[in-house]
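Structure record follows, encoded as structure tokens.
The values are calculated or read from the model by the stated rules, or taken from the named source; none is laboratory data. Treat the numbers as computed from the prediction; the structure is a model and nothing was measured. Cβ placement follows ideal geometry from the backbone for every residue including glycine, while neighbour counts extend to all protein chains displayed. With ligands, DNA and RNA removed, areas are computed over all heavy atoms of the protein, side chains included. Shrake-Rupley method; radii C 1.70, N 1.55, O 1.52, S 1.80 Å.
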Amino acid sequence: MEGLAMLRQLIGQLQELFEHYGSHPHYHSHHVQHFNINNNNNNNNNRWCFLNIDEGSVDDYYSFVMAAGKSGSFKMLESYKPPPTKKSRKERTRGRISGTADTAEVMEQQIWKDFPEDLFEAVIARLPIATFFRFRSVCRKWNSLLSSQSFSHHCSQVQQANPWFYTITHENVSSGAIYDPSLKKWHHPSIFSMLRKMIIFPVASAGGLVCFHDISHRNFYVCNPLTESFKELPARSVKVWSRIAVGMTLNGSSARGGYKILWLGCDGEYEVYDSVKNSWTHPGNMPSNIKVPLSLNFQSQTVSVDGTLYFMRSDPEGIVSYDMVTGVWKQYIIPAPLHLTDHTLAECGGRIMLVGLLTKNAATCVCIWELQKMTLLWKEVDRMPNIWCLEFYGKHVRMTCLGNKGLLMLSLRSRQMNRLVTYNVSSREWLKVPGCMVPRGRKRQWIACGTAFHPCLTAMA
């Protein structure tokens, strides 16, 4: 009974302290009594509780004292309640349903039938994208919102959230998989009938539209992956059989004002497509001060900032830019960080970023750099958590960037590993992406390539 004696001694000390402040406790039949003591040296009202040791077991009160000791002070306690037991999923679901039914309110038709039409569209425009597509099936009127100019205006007023990612898997290159980072969910859109037997790759995006080209780099397509608005672009006037880099910009603030697409070859050849004119043009030749061949980094996606496209090149290391409004080319010589292997350009809020693998000896880590405009040097601003990088130790890791618009998606793979992660440039948050599974399938899909796009319900190809 040594534990009981210690408890009695502790209670005695508390009673002495209580009497020292000039008050007397009142006992009841309960295990716990509550008192307020005014302490002149402390403005807060400290609450004290006393135990009746003659009732209850030693274990009960020992647990109580241990809990109080860990927290640093005694806390108010109610009458004894048994610890919560884990409920089955069916019981939890039944509880949620019953709770919802009790508190649900009936919407009065007399009030809601006069809900303003313009306000209705403003509310719908602010719904999550996935929710809107469920609502489309309610009636024809709701489904026709996609072609409404007023609804398009409301959508343009809504601040763009994180981009989504349109990707192509190794197992099914003729279809795509879309990742929604807000819901952490993969979607598998239906494929246009004419493209079922074709192999196309997403290479750029703007205003909710995604640009594709086929495996021969000759034929271009533009579509809205959400609404399946689709367009095949006219044939290019310049025949270039080598690989090309592609960039895309908007003419205005949305796709309704039109868009432009530029392709660039290593030999300096390039063309610009204007959706308003629905034609390709060859504005001119690459300036003589820009060294050709360009040795373009085709692993790096093009970055668009304020109507200017940025392409990564090597020999010399740096960036080549093209202003889609003025038609001016520029070149920036920027030395790459040491021990850099796979790398790509990224963009966030007008800042140009670099994402790459640093590999030294057997250690590999993903690092983030920001371009300093004054010095034209890369400054490291973040890197992947060390505990994640330990997984890469001793492995030959390759990296592919599947989206570079503020929220980055990176594919990290080796013979023994296949990881998808996202990185938010603004919040500097790293998150793991759940595996991509085909509907009614169990096998995890390997992502081959992809691009980020801002989901837009009203963008028309």
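Pairs to check: Lys277/Lys405; Lys373/Lys405; Lys185/Lys231; Lys231/Lys260; Lys330/Lys360. Give those whose C-alpha atoms are more than 25 Å from each other in this structure.
Cα-Cα > 25 Å for Lys277/Lys405; Lys185/Lys231; Lys330/Lys360; rest within.
Based only on Cα atoms, what Rg/Rh ratio does the range 160-453 have, Rh being taken as Kirkwood's radius?
Checking Rg against Rh, the ratio lands at 0.95.
Not counting ligands, DNA or RNA, and with a 1.4 Å probe, what is Ser427's accessible surface area in Å² rounded to the nearest 10?
Number for this one is 70 Å².
Toward the positive end of the charge dipole of the range 328-461, about the Cα centre and with charges on Cβ (Lys, Arg +1; Asp, Glu -1), which of Cys401, Met437, Ser414 goes farthest?
Working it through, the farthest residue towards the positive pole turns out to be Met437.
Leaving ligands, DNA and RNA out of it, rank Glu121, Glu108, Glu391 by accessible area with a 1.4 Å probe, largest first.
Sorted descending by solvent-accessible area, the residues read Glu108, Glu391, Glu121.
Sorting Lys260, Lys185 by accessible area (1.4 Å probe), largest first, what list results?
These residues rank, largest area first, as Lys185, Lys260.
Take the Cα gyration tensor of the range 116-156, multiply each eigenvalue by 5, square-root it, and list the three semi-axes largest first, rounded to whole angstrom.
15, 12, 9
Largest first, how would Lys360, Lys277 line up by accessible area (1.4 Å probe)?
Lys277, Lys360
What GluC sites (Glu not before Pro) does the range 211-281 have in DSSP loop regions with at most 16 other beta carbons within 10 Å?
Glu228
So if R0 is 22 Å, what FRET efficiency would Ile111 and Ser148 give, r being the distance between their Cβ atoms, rounded to the nearest 0.05?
That gives a FRET efficiency of 0.35.
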